[in-house]
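See below for the structure under consideration.
The values are calculated or read from the model by the stated rules, or taken from the named source; none is laboratory data. Keep in mind that this is a model prediction, so the values were computed, not measured. Ideal geometry is used to build each Cβ from the backbone, glycine not excepted, and the neighbour counts take in all protein chains shown. Quick note on the areas: whole protein, heavy atoms, side chains included, nothing else; ligands and nucleic acids left out. Shrake-Rupley method; radii C 1.70, N 1.55, O 1.52, S 1.80 Å.
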Amino acid sequence: MNNIFQQASDFISGNIVFITLGLLVLCIVLVVLLAVNLGRTRKLARRMSFFMRDTKGDSLEEVLEEVLEDNREVKIRLKNNTNEIVKMNEILINAITKTGIVKYNAFPGMAGKVSSSIALLNNENNGIVINCMHGPEGCYTYVKEIMNAKSINPLTKEDEEALKIALQMQI
């Protein structure tokens, strides 16, 4: 065992210059690599710092917190708007959405088409037909109820035409 140590000691003593030069070169290479890594780290730190700040100088964390708060507010508004839309749709079920108008001359000898028949329906084809007949003795108005696109009362041909026009309307 002493023999091995003696040989290693003789080898190191004989080649101390080369070993020292090798270690010196290795240290120089390590220092260069360290300098390169430090430069890259600084460059990365500058880029990250730039990225982590917006145009106002706020940090990314502050920006994200603001975005999350805005998102919460938008969700609340969306829920409120959705509820309002549901209410409006419930109200609009019975709103008049289809109309048909026919003007006609009810009595010969009267100037122009002064009489009219107007159909007013909702989306379910329920509503009324209003017939206004102008004659020499006055104006007479008749209202006829419409259920599922049909009337219980007899309709004039002008009423039927106004109803047909209203039923053809697409929503």
Taking θ = phi - 60°, what integer Hz values does the Karplus form 6.51 cos²θ - 1.76 cosθ + 1.60 yield along the stretch 4-15, in sequence order, with x for Gly and Pro? 5, 5, 5, 5, 5, 5, 5, 5, 5, 5, x, 10
If you line up the long axis of helix 60-92 against the longest principal axis of the chain, both from Cα atoms, how many degrees apart are they, to the nearest 10? 20 degrees
Residue-by-residue Karplus 3J(HN,Hα) for the stretch 142-151, coefficients 6.51, -1.76, 1.60, Hz, glycine and proline x: 10, 10, 10, 7, 10, 10, 6, 6, 10, 10
The stretch 88-150, accessible area per residue, ligands and nucleic acids excluded (1.4 Å, Å²): 62 Å²
Among [x] 1.81; [y] 1.47; [z] 0.99, the value of Rg/Rh (Cα atoms, Kirkwood Rh) computed for this structure carries the label [x]
As I understand it, the value is the acute angle between the Cα axis of helix 16-51 and the longest principal axis of the Cα atoms of the chain; what does it come to in degrees, rounded to 10? 20 degrees
For the chain, the longest principal axis of the Cα atoms and the Cα long axis of helix 157-168 enclose an angle in degrees, to the nearest 10, of 0 degrees
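Based on Cβ point charges of +1 for Lys and Arg and -1 for Asp and Glu, what charge dipole magnitude is obtained for the chain about its Cα centre, in debye rounded to the nearest 20? Mind dumping the intermediate values first?
Details: 19 positive and 19 negative charges, 96 e Å.
Roughly 460 debye for the chain.
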Which residues qualify? For Ser115, with a placed amide H closer than 5 Å and at least 5 residues away or on another chain, they are Tyr104, Ala106, His134
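Express the relative contact order of the stretch 45-155 as a whole percentage, based on alpha carbon pairs under 8 Å and six or more residues apart in sequence. Before the final figure, lay out the partial values.
Values: 137 pairs, mean separation 16.0, N = 111.
About 14 percent, as a whole number.
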Which entries of Lys87/Lys144; Lys98/Lys144; Lys113/Lys157; Lys87/Lys150; Lys98/Lys150; Lys103/Lys150 show an alpha-carbon separation above 19 angstrom in the structure shown? Lys87/Lys144; Lys87/Lys150; Lys103/Lys150
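Which trypsin sites (Lys or Arg not before Pro) from the stretch 82-171 combine a DSSP loop assignment with at most 14 other Cβ atoms within 10 Å? Write out the running numbers ahead of the final one.
Details: sites: Lys87, Lys98, Lys103, Lys113, Lys144, Lys150, Lys157, Lys164; in loops: Lys113.
Of the trypsin sites (Lys or Arg not before Pro), the ones in loops of the stretch 82-171 whose Cβ has at most 14 other Cβ atoms within 10 Å are Lys113.
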